[in-house]
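Okay, so here's the structure we're looking at.
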Amino acid sequence: MTGFRIGTRGSPLALTQAHMVRDALIATHGLAPDSVAIQVIRTTGDKVQDRALAEIGGKALWTKELDRALLDGEIDCAVHSMKDVETVRPEAIRIVAMLPRADIRDRIVGADSIEALRQGAVIGTSSPRRAAQLQRLRPDLRIILFRGNVDTRLAKLAAGEADATLLAAAGLERLGRHDVGAAIPVDTMLPAPAQGAVGIECRADGSHAQTLLTAIDDPITHRCVLAERGLLAALKADCHSPVAALAVIEGAILTIRAELLCEDGSEHVAGQIEGAPLDAGVPAALAADLLARAPEAVRRLFDG
């Protein structure tokens with residue numbers, strides 16, 4: 001094989017994740033290092049940093065340029081943080097592999113815990129989920145928009161624009177920032193669907209690429225993330241919708257926990273379900289249960 005091209009965004013974290021995929025391909029298939037190249041594709045989400053994603057096109061801002069490069073044959077696969085990938089994907093593109101999932105928790109940076117934040121503290125985040133969960137736990141907190149890569153957000157925090165911010169533990173660890181922030185327990189703050197997972201897409205008709213990539217797939221991660229994405233699809237959630245979810249597989253049992261909130265966290269509904277790992281009806285059933293029990297302020301943000 002010559003010239004297998006991995007497409008990625010250009011942020012430090014995205015490049016780190018692309019190199020993880022490259023290393024896995026080289027190690028698994030015994031490839032020459034110079035036969036696997038990383039190609040940076042600049043996305044709209046990277047260019048526009050002063051507005052919330054929901055205002056300027058949602059998660060497609062991270063994927064549409066990579067989709068175009070993939071479908072035009074400029075790259076052979078695209079690497080994504082799975083929580084940034086919209087639920088409905090083009091039919092011509094297939095999610096073929098995921099790397100083993102990293103720490104799924106959030107970390108708080110700027111305080112030892114959510115409880116330790118001063119009264120009326122200012123928190124920088126661009127995530128509707130994090131904003132709603134924080135305000136549910138601490139209604140006194142004030143939320144301001146923080147966008148940008150990890151270094152950008154940490155720089156804003158250092159400049160005093162906020163008292164604290166929240167970042168994904170997985171991203172910090174992949175960047176070698178093991179000492180940044182304090183992990184928030186899952187029982188305190190359930191993570192975003194697909195948080196901590198790196199996914200790889202290729203063209204649906206790209207059999208050679210699929211063969212190469214399937215060999216580095218972590219099936220447990222893949223099944224859990226597909227279940228979480230199945231919940232999002234059944235909820236008809238979008239980037240405006242504050243939703244948290246986590247699927248785990250123990251033995252032959254899949255368990256999904258989820259929480260839906262209104263924007264300010266004042267109302268919410270939570271639930272969980274168990275079932276077979278590959279049964280698409282399991283996340284759909286949890287979605288139906290949550291929507292049936294949700295307060296109107298929550299339900300209006302979901303189900304189309």
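The values are calculated or read from the model by the stated rules, or taken from the named source; none is laboratory data. Given the structure is predicted, the values throughout are model-derived calculations rather than measurements. Cβ coordinates were reconstructed from backbone atoms using ideal geometry, including for glycine residues, and neighbour counts include every protein chain displayed.
Residues checked against (1) closer than 19 Å to residue 102 by Cα; (2) under 15 Å from the mean Cα position of the chain (by Cα); (3) assigned by TED's automatic domain parsing to the domain that holds residue 27:
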position	(1), (2), (3)
118	no, no, no
123	no, no, no
134	no, no, no
146	no, no, no
156	no, no, no
165	no, no, no
177	yes, no, no
204	no, no, yes
212	no, no, yes
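Taken over region 108-124, residues that are surrounded by 23 or more Cβ atoms within 10 Å (Cβ to Cβ) and part of a loop (DSSP other than H, G, I, E, B) amount to 0.
Just to be sure before I move on: is residue 221 assigned to a helix (DSSP H, G or I) and crowded, with 17+ Cβ neighbours inside 10 Å in the structure I sent? The answer is yes for residue 221.
Each row is one residue, and each column tells you yes or no for (1) modelled with pLDDT of 90 or more; (2) under 15 Å from the mean Cα position of the chain (by Cα); (3) part of a loop (DSSP other than H, G, I, E, B).
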{"residue": "49", "(1), (2), (3)": "no, no, yes"}
{"residue": "64", "(1), (2), (3)": "no, no, no"}
{"residue": "70", "(1), (2), (3)": "yes, no, no"}
{"residue": "83", "(1), (2), (3)": "yes, yes, no"}
{"residue": "86", "(1), (2), (3)": "no, yes, yes"}
{"residue": "90", "(1), (2), (3)": "yes, no, yes"}
{"residue": "100", "(1), (2), (3)": "yes, yes, yes"}
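So, of the residues in region 147-169 that are of a type outside the set (A, V, I, L, M) and buried (at least 21 other Cβ atoms within 10 Å of the Cβ), which turns out to be modelled with the highest pLDDT?
Initial filter on region 147-169 (of a type outside the set (A, V, I, L, M)): 147-149, 151-153, 156, 160-161, 163, 165.
From what's left, buried (at least 21 other Cβ atoms within 10 Å of the Cβ): 153, 165.
Numbers: 153: 92, 165: 97.
Once the filter is applied, the top-ranked residue is 165.
Which pairs have Cβ atoms under 6 Å, sit 6 or more apart or on different chains, and link a residue in region 111-124 that is under 14 Å from residue 161 (Cα atoms) to one that is polar (S, T, N, Q)? Every condition considered, the pairs that remain are 124/165.
Would you confirm, using the coordinates I've provided, whether residue 154 is under 24 Å from residue 239 (Cα atoms) and in a helix (DSSP H, G or I)? When the stated conditions are applied, residue 154 passes them. Scanning region 125-144 for residues that are surrounded by 21 or more Cβ atoms within 10 Å (Cβ to Cβ) and outside any loop (DSSP other than H, G, I, E, B) yields 128, 129, 130, 131, 132, 133, 134, 135, 143.
May I ask you to list the residues in region 186-210 that are surrounded by fewer than 19 Cβ atoms within 10 Å (Cβ to Cβ) and farther than 19 Å from residue 141 by Cα? Give the steps one after another, and end with the answer.
First, the residues of region 186-210 that are surrounded by fewer than 19 Cβ atoms within 10 Å (Cβ to Cβ): 186-188, 204-205, 207-208, 210.
Correct list: 186, 187, 204, 205, 207, 208, 210.
The criterion of being of a type in the set (Lys, Arg), free of Cβ contacts under 8 Å to residues at least 40 places away in the same chain and in contact with a strand residue (DSSP E or B) (Cβ under 8 Å, 6 or more places away or on another chain) holds for residue 153. Among the residues of region 1-43, those identified as more than 27 Å from residue 154 (Cα to Cα) and hydroxyl-bearing (Ser, Thr, Tyr) are 2, 28, 35.
Let's see how each residue does on (1) over 30 Å from residue 151 (Cα atoms); (2) outside any loop (DSSP other than H, G, I, E, B):
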| site | (1), (2) |
| --- | --- |
| 180 | no, no |
| 187 | no, no |
| 192 | no, no |
| 196 | no, no |
| 202 | no, yes |
| 211 | yes, yes |
| 217 | no, no |
